[in-house]
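> Shown below is the structure under consideration.
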């Protein structure tokens, strides 16, 4: 497949706002990475390789808690499970002639936002469009994380406290909008909050680590939701 | 921390890459199983919700500032504000409230 300059430029155009957003959010992630004991190089490489906000945050939390490699692998699998579904949809958006190499590069940076803009392209997806988005989004994400680790330590405690909430703000921005139209998700959010609060505060569960609680709650609640409210074909 | 950071990063990198690339390489048809599709559909919302609360109260110096950021963030996200706007506003709410609370 020949290099398509125009598609690449379209990708750069849509990648710029994504990169700016990533930079701010990754800054907060860098603070979390630093709290978990990672240095700037480790956090930057983690962000470059993982490109996953919730997945990285969960991973760093588990690392800080002294989790095993297996627990970290399981948590990464669960927090990134949605990318599996996104890649399934994305595979249908690519022409059958798109080579294995192109598929392997696109697969490196399937995120909520890049998936979103890639699926919004009319017709089939040209890999060079996604590469344009990636060329700005990936440096934004990795450099934001590095600066978060570095500047997190020189910033006043007050500022760090405020920035730490940025990542939660991003989570809220992902989970809440679908609740407008989907009643199941609208009901799930307060249920998750309540059960998570109970698991965190009840002495009954105090012997279980935060990471294991998150995995268990995610699987139990998602299985229950899938059994009680299976998604109909057209809704996915 | 109990293990080697580079091994942790390697484990996370391999797992997250395989999750993303395998469907692109292997999937020729859509998933048919309704239960698996539904489970995968709900997972992101459930896991992000579980991770947000009560953790947001512990992330801030004052738990009340965290609660306020959560409520204002939910209202803004419900009004379709962008990811960046919601994240920045939550930070601003905590910063301003903690000037008075802490």
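> Among what's in region A:192-216 and is in contact (Cβ under 8 Å) with a residue 24 or more places away in the chain and facing another protein chain (nearest Cβ under 8 Å), pick the residue that is farthest from residue A:168 (Cα to Cα).
Step one: filter region A:192-216 for residues in contact (Cβ under 8 Å) with a residue 24 or more places away in the chain, giving A:192, A:195, A:209-212, A:214-215.
Still in the list and also facing another protein chain (nearest Cβ under 8 Å): A:192, A:195, A:214.
Numbers: A:192: 15, A:195: 18, A:214: 15 Å.
Here the answer is A:195.
> Could you list, in sequence order, all residues of region A:179-189 that are facing chain B (nearest Cβ under 7 Å) and surrounded by 16 or more Cβ atoms within 10 Å (Cβ to Cβ)?
Within region A:179-189, A:185, A:188, A:189 qualify.
> Quick one: residue A:174 ticks every box in (1) facing chain B (nearest Cβ under 8 Å); (2) not in a helix (DSSP H, G or I) bar one, so which box is it?
The failed condition is (2).
> Against the condition in contact with a helix residue (DSSP H, G or I) (Cβ under 9 Å, 6 or more places away or on another chain) and assigned to a helix (DSSP H, G or I), how does residue B:81 come out, does it pass? Break it down into steps so the answer makes sense when it comes.
On the way: in contact with a helix residue (DSSP H, G or I) (Cβ under 9 Å, 6 or more places away or on another chain): yes; assigned to a helix (DSSP H, G or I): no.
No; evaluated as a whole, the condition is false for this residue.
> Let me ask another. Is region A:124-139 home to any residue that is facing chain B (nearest Cβ under 9 Å) and either without any contact (Cβ under 8 Å) to a residue 60 or more places away in the chain or part of a helix (DSSP H, G or I) (or both)?
no
> Search region A:66-84 for residues being in contact with a helix residue (DSSP H, G or I) (Cβ under 6 Å, 6 or more places away or on another chain) and not in a helix (DSSP H, G or I), and hand back the single one that is nearest to residue B:7 (Cα to Cα).
Selected residue: A:67.
> Taking the condition within 7 Å of chain A (Cβ to nearest Cβ), in a helix (DSSP H, G or I) and free of Cβ contacts under 8 Å to residues at least 40 places away in the same chain, does residue B:24 pass?
yes
> Criterion first (crowded, with 22+ Cβ neighbours inside 10 Å, over 19 Å from the mean Cα position of the chain (by Cα), on the phi < 0 side of the Ramachandran plot and assigned by TED's automatic domain parsing to the domain that holds residue A:47) does residue A:161 satisfy it?
yes
> Then there's this: Here's a check for you: in region B:31-63, which residue that is facing chain A (nearest Cβ under 7 Å), without any contact (Cβ under 8 Å) to a residue 40 or more places away in the chain and in a loop (DSSP other than H, G, I, E, B) is nearest to residue B:94 (Cα to Cα)?
In this case the residue turns out to be B:60.
> Does at least one position in region A:217-232 carry a residue that is over 23 Å from the mean Cα position of the chain (by Cα), at pLDDT below 90 and more than 7 Å from chain B (Cβ to nearest Cβ)?
yes
> Quick one: which of A:159, A:149 is part of a helix (DSSP H, G or I), under 27 Å from residue A:17 (Cα atoms) and at pLDDT 80 or above? Write out each step before concluding.
Working: A:159 fails: at pLDDT 80 or above.
So the residue among A:159, A:149 that is part of a helix (DSSP H, G or I), under 27 Å from residue A:17 (Cα atoms) and at pLDDT 80 or above is A:149.
> Any idea which of (1) crowded, with 20+ Cβ neighbours inside 10 Å; (2) within 11 Å of chain B (Cβ to nearest Cβ) is the one residue A:68 doesn't satisfy?
Here residue A:68 meets the rest and fails (1).
> Out of all the residues in region A:40-56, is one or more outside any helix (DSSP H, G or I), over 19 Å from the mean Cα position of the chain (by Cα) and either under 20 Å from residue B:88 (Cα atoms) or modelled with pLDDT of 90 or more (or both)? Outline the logic, then answer.
At the first step, the residues of region A:40-56 found to be outside any helix (DSSP H, G or I) are A:51-52.
Those still in the list that are over 19 Å from the mean Cα position of the chain (by Cα) too: none.
Taking every residue of region A:40-56 in turn, none turns out to be outside any helix (DSSP H, G or I), over 19 Å from the mean Cα position of the chain (by Cα) and either under 20 Å from residue B:88 (Cα atoms) or modelled with pLDDT of 90 or more (or both).
The values are calculated or read from the model by the stated rules, or taken from the named source; none is laboratory data. Worth saying up front: this structure is predicted, and the values here are computed from it rather than measured. Cβ: placed from backbone, ideal geometry, glycine included. Neighbour counts: every protein chain shown.
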